[in-house]
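No lab work stands behind these numbers, since they all come straight from the coordinates. Since this is a predicted model, take the numbers as computed values, not measurements. Ideal geometry is used to build each Cβ from the backbone, glycine not excepted, and the neighbour counts take in all protein chains shown.
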Amino acid sequence: MTQQLSAAERKQTLIGLLIGAVLAVPFAAAGLGILLFMTAPMVYDWARMQTWHSVPAQVEAATLQSHKPSKGGTAHSIAIRYRYQVGGVEYTGSRASLTTRADNIGSFQEQLGHRLQGAERTGEPVTVWVNPAQPTESILDRSLRPGLLALQLGLVLAFGGFGGNLLVRMGRTMWVRLRAQPPG
């Protein structure tokens, strides 16, 4: 036995679904965006860099940059320039780590920045990782940061889970309500 909905009930359901979509879609999109544009590229780069070769490099310039986000605290990033040789050809690099954005997740940026500034001052060589298929591509620290990865995955689950859950519930509601309508 199917239940028939009045026009007022259908209108109320449609308005509820529209409001739910306005709330759910941005949350689901934020979760998906963090996954696709932050987490996945970082993990992909980390995985492909595991086969790269290490070579010594000279740090030409290293700066630990401090940023004051609007929410308070201090975020750090590293500006770096180093030179290295592969097959007798000299190259320059500027990538310090897997992530290029400033952050304040732990002390990773600060520690790496201080280590690189020390290498610049003393002239001590540092190890860089070089793509053997494309020696112009290099990185100083290819480590995957567990704290940053956990934060990103937590945000993916929180935002994506909330938005996705709302969308699934709305889909079920719509399915049940559409099945309750008389044919024609």
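Worth a mention:
- Ranking of Ser6, Ser54, Ser77 by count of other Cβ atoms within 10 Å, fewest first: Ser6, Ser54, Ser77
- Projected label distance in nm at Asn165 and Gln12, using a 7 Å step from Cα toward the beta-carbon: 2.5 nm
- Relative to the dominant Cα principal axis of the chain, helix 161-180 is inclined by about 20°.
- Phi angles across the stretch 59-65 convert, under the Karplus curve 6.51 cos²θ - 1.76 cosθ + 1.60 with θ = phi - 60°, into 3J(HN,Hα) values of 7, 8, 7, 9, 10, 8, 9 Hz, Gly and Pro given as x.
- Cα centroid of the stretch 128-184 to Cα centroid of the stretch 35-70, whole Å: 21 Å
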